[in-house]
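S.K.: Quick one: the structure is below, and I'll ask about it shortly.
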Ligand SMILES: [Fe+2]
């Protein structure tokens, strides 16, 4: 069960026919319909937005205001200065720390301007999210019921003309650092990859793989990295894995698969890292990534990384 916040028809929004988050919907498969206004090959990636209920709440060292940071990034994305994304993907840790109901209320409100501009928003669960509370918040917003059984993971496929995005869920326990895809989800992933061989697959999750190959539970990484890598290595349609969690901008290659670490929009653990988002442009045989820092003086601002598919 994935969570997509679909675009809002602005006319309906203004007249109140659809009010605010009442247009939240569940989609088993989200098809990015061709739209003459926006290319379906351009996407905005954000991670670790850490939105709290209270817009004045700060966090991190030195402390910053996550809502203010998201606001600056939202303005940059919607300005279309470097490209016009057709949608937004947030790779986890959407809310502050404990996945509280009020956090999700503010989160939905802060992402509303994207939806009003016709951009769907796809959320991925991180270790500071809470699946049950998130689904409750969606149900409350849509005047529907929370699913009677909370799925163990929220995963989905976003189909686009050039690639299929597989959105994965590595939340094992809220406010507990390590992550786990789990056997059930990995089985779903391999089944779906096997039935979607026609296009390149880009996987998106929250947790960083453990590149050492020696999983230590306290490391905070993806605990089932070894099985995950084993399953995607031989499936040649898998071209990239996007993730967040470490609040770091980094790209590397493992078995020919691009590993893209999306930086945080909220706090950072290494002060040299940018607060930033990434513009993804899909090509026929690869992709281009452009880093957009909140601080235009940051040395990585406007860095472009061109990557070819294996
Ligand atoms: Fe985070």
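Every read-out reported here was derived from the displayed coordinates using simple, explicitly stated rules and does not represent laboratory data. If you're wondering where the values come from, they're calculated on a predicted model, not measured in any experiment. Methodologically, a virtual Cβ is constructed for each residue, glycine included, from the backbone with ideal geometry; neighbour enumeration extends over all protein chains shown.
S.K.: Given 37 °C and 0.692 mPa s, how large is the Stokes-Einstein diffusion coefficient of region 35-182 in µm²/s, with Rh as the Kirkwood radius over Cα pairs?
M.R.: It diffuses with D of about 203 µm²/s by this estimate.
S.K.: I've got another one for you. Fewest Cβ neighbours within 10 Å first, please rank 280, 107 accordingly.
M.R.: 280, 107
S.K.: Nearest 0.05, what FRET efficiency do residue 190 and residue 63 give at R0 = 41 Å with Cβ-Cβ as r?
M.R.: With R0 = 41 Å, the Cβ-Cβ based efficiency is 0.45.
S.K.: Could you give the length gained by full extension between residue 234 and residue 54, i.e. 0.36 nm per residue of separation minus their alpha carbon distance, to one decimal place?
M.R.: Here the answer is 60.2 nm.
S.K.: Work out how much length residue 219 to residue 132 would gain on full extension: take 0.36 nm times their residue separation and subtract the Cα-Cα distance, in nm to one decimal.
M.R.: Length gained between residue 219 and residue 132: 28.8 nm.
S.K.: Let me ask something else about it. Over every pair of different alpha-carbon atoms in the chain, take the mean of 1/r and invert it; report that Kirkwood radius in Å.
M.R.: Result for the chain, one decimal place: 19.3 Å.
S.K.: Among 52, 148, 263, which one moves the most in a GNM of the chain with springs linking Cα atoms closer than 10 Å?
M.R.: Comparing 52, 148, 263 in a Gaussian network model of the chain, the most mobile one is 148.
S.K.: Please give, to one decimal in nm, the separation of the simple spin-label points placed at residue 143 and residue 269, each 7 Å out from Cα toward the Cβ.
M.R.: It works out to 4.4 nm between the two label points.
S.K.: Using C-alpha positions alone, give me the convex hull volume of region 203-272 per residue in cubic angstrom.
M.R.: Spread over its residues, the Cα hull of region 203-272 gives 90 Å³ apiece.
S.K.: Multiply the residue separation of residue 253 and residue 295 by 0.36 nm, subtract the distance between their alpha-carbon atoms, and state the gained length in nm to one decimal.
M.R.: Extending this stretch completely gives an extra 12.4 nm.
S.K.: So what's the convex hull volume per residue for the Cα atoms of region 124-237, in Å³?
M.R.: Values: hull volume 12.8 nm³, N = 114.
Dividing the Cα hull volume of region 124-237 by its residue count gives 113 Å³.
S.K.: Rank these for me by crowding, 224, 295, 93, going from fewest to most other beta carbons within 10 Å.
M.R.: Details: 224 22, 295 12, 93 27.
Ascending Cβ contact count within 10 Å gives the list 295, 224, 93.
S.K.: On to the next question. With a 10 Å Cβ neighbour count serving as the proxy for reagent exposure, in which order, fewest first, do 86, 94 appear?
M.R.: 86, 94
S.K.: If you don't mind, another one. Just to be sure I understand: with springs between alpha-carbon atoms less than 10 Å apart, which residue in 267, 188, 249 has the highest mean-square fluctuation in the Gaussian network model of the chain?
M.R.: Result: 188 has the largest fluctuation of those listed.
S.K.: Per the helix-only calculation at 222 nm, which mean residue ellipticity applies to the chain, given -39500 (n - 2.57) for every DSSP H run of n ≥ 4 and division by its residues, nearest 500 deg cm²/dmol?
M.R.: -7000 deg cm²/dmol
S.K.: Separate question: Run the numbers on region 4-308 and let me know its relative contact order in percent, using alpha-carbon pairs under 8 Å that are six or more apart.
M.R.: Over region 4-308, the number comes to 19 percent.
S.K.: How far is the Cα center of region 51-76 from the Cα center of region 90-149, in Å?
M.R.: Going from one Cα centre to the other spans 17 Å.
S.K.: Additional query: Measure out, as a whole number of angstrom, how far apart the alpha-carbon centroids of region 158-191 and region 225-260 sit.
M.R.: Comparing the Cα centres of region 158-191 and region 225-260, I get a distance of 12 Å.
S.K.: Ok, one more. According to a simple spin-label model (label point 7 Å from Cα along Cα-to-Cβ), what is the distance in nm between residue 98 and residue 82?
M.R.: Reported label-point gap for residue 82 and residue 98 is 3.7 nm.
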